[in-house]
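**Student:** Here it is: the structure, laid out below.
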Amino acid sequence: MNKYWVVANWKLNNTYSTAEEWLRFFYDTYTPSDRISVGIAPSFTELGLVSHTVKRNADLPVQIMAQDVSRFNVGKYTGEVGAFQLLEHGVSHCIVGHSERRQYFNESNDVINEKIERLLNYDITPLIAVSEIEQVQSVCEKGFDLSRLTWAYEPISAIGTGNPADPHVVASFLKSMNHLVGEDAYILYGGSVTAETVKPYLAFEQVDGFLVGGASVKANEFIDLLHSIL
Ligand code: PGA
């Protein structure tokens with residue numbers, strides 16, 4: 001079977017010093033498993049720290065990830081962070097299309113597709129978050145090489161609410177996604193995943209891992225979750 005891919009999406013949480021503590025605790029406490037690969041998606045301000053720390057601890061491979069990328073390439077775009085800058089930090093994967101970006105920053109399917117294209121141009125793998133099948137279709141219609149995309153299904157009602165989605169419903173959504181994006185595509189589930197809620201999803205082969213928000217902000221909760229997957 002595939003490895004479970006578990007991504008810590010810190011969102012707008014953690015400072016430089018709490019991120020230092022997080023990483024120290026993680027490397028001191030986490031018992032690595034061949035069955036899990038871990039990604040960390042910090043804010044841009046902590047990306048350098050995460051990148052240096054991950055590279056220094058190369059015996060425990062961790063993916064350096066970003067939460068977002070500019071749809072622009074380079075130039076006069078104040079406040080933006082481009083794919084080439086992520087690449088310099090060793091970012092291998094970047095979340096795009098998160099429902100919080102769609103809701104609070106009015107990101108449309110077109111904007112998300114532009115971001116996917118930017119990332120692919122720099123060989124960074126997009127982790128495309130979707131909550132509706134129509135959002136999957138919009139990406140597929142662009143003709144991207146599907147083997148270069150990864151996905152997270154995150155039903156809005158489950159994100160940050162403490163109400164994880166019914167695993168049967170998730171598995172059946174993932175099956176319909178597989179028809180569009182290919183049987184081999186990596187598809188994570190996200191939405192109120194914790195050490196307490198994760199177990200039922202493990203029974204479904206469609207679930208390739210988890211995109212974790214709230215339960216990733218504190219290292220001990222995230223590690224409890226990782227250990228409970230084993
Ligand atoms: P949550 O967030 O784990 O806090 O529900 C998941 C996500 O939005 O990626």
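Here, each number is a calculation from the coordinates, and none is a lab measurement. All values derive from a computational prediction rather than experimental measurement. Cβ sites come from the backbone with ideal geometry, for glycine too, and all protein chains shown count toward neighbours.
**Student:** Only bridges with both residues in the chain count here: give the DSSP antiparallel percent, nearest 5.
**Tutor:** Restricted to the chain, the bridges split so that about 0 percent are antiparallel.
**Student:** If I model a spin label at E80 and T18 as a point 7 Å from the Cα along the Cα→Cβ vector, what separation in nanometres do I get?
**Tutor:** 3.0 nm
**Student:** Also, quick follow-up: Under a Cβ-only charge scheme (Lys and Arg +1, Asp and Glu -1), can you give me the dipole magnitude of the chain about the Cα centre, in debye to the nearest 20?
**Tutor:** Roughly 260 debye, rounded to the nearest 20.
**Student:** I would also like to ask the following. If the chain were replaced by its equivalent ellipsoid, with semi-axes equal to the square roots of 5 times the Cα gyration tensor eigenvalues, what would those be, largest first, whole Å?
**Tutor:** That gives 24, 23, 16 Å for the three semi-axes.
**Student:** In whole angstrom, note down how far apart the Cα centers of region 164-230 and region 57-103 are.
**Tutor:** So the two Cα centres are separated by 22 Å.
**Student:** Please give me the summed charge of the neighbours of G48: other residues whose Cβ is under 15 Å from its Cβ, Lys and Arg +1, Asp and Glu -1.
**Tutor:** Summing Lys and Arg as +1 and Asp and Glu as -1 gives -1.
**Student:** Also, quick follow-up: So if each residue of separation counts as 0.36 nm, and I subtract the Cα-Cα distance between N73 and L202, what length gain in nm does that give?
**Tutor:** Going from the current span to full extension adds 42.6 nm.
**Student:** Going by average Cβ density within 10 Å per residue, which order do the peptides 124-134, 74-84 take, highest to lowest?
**Tutor:** Top to bottom by mean Cβ count within 10 Å: 124-134, 74-84.
**Student:** Taking neighbour counts of Cβ atoms within 10 Å as a proxy for exposure, in what order, fewest first, do I229, I116 appear?
**Tutor:** The order, fewest Cβ neighbours first, is I229, I116.
**Student:** Which one of T161, Q85, M65 has its Cα pushed farthest toward the positive end of the charge dipole of the chain, where Lys and Arg give +1 and Asp and Glu give -1 at the Cβ?
**Tutor:** With unit charges placed on the Cβ atoms, the residue in question is Q85.
**Student:** On full extension of the chain, what length is gained from L87 through T45, given 0.36 nm per residue of separation minus the C-alpha to C-alpha distance?
**Tutor:** Difference between extended and current length: 13.6 nm.
**Student:** Pull up the cross-link candidates among the lysines for K115, meaning alpha carbon to alpha carbon under 19 Å and not fewer than 8 places away within one chain.
**Tutor:** K11, K76, K142
**Student:** Before rounding to the nearest 500, sum -39500 (n - 2.57) across all DSSP H runs of length at least 4 in the chain and divide by the residue total; then give [θ] at 222 nm in deg cm²/dmol.
**Tutor:** It comes out at -11000 deg cm²/dmol, rounded to the nearest 500.
**Student:** Oh, and also: Could you work out how far apart the two model spin labels at N163 and H52 are, taking each label as a point 7 Å from the Cα in the direction of the beta carbon, and quote it in nm?
**Tutor:** The modelled label-to-label distance comes out at 4.4 nm.
**Student:** If you count, for each residue, the other Cβ atoms within 10 Å and average over each peptide, how do 101-112, 152-163 line up from highest to lowest?
**Tutor:** So the order, starting with the most tightly packed, is 152-163, 101-112.
**Student:** Here's another thing I want to ask about it. At 7 Å along the Cα-to-beta-carbon direction for both L180 and S33, put a label point, then send me their distance in nm to one decimal.
**Tutor:** According to this spin-label approximation, the distance is 3.0 nm.
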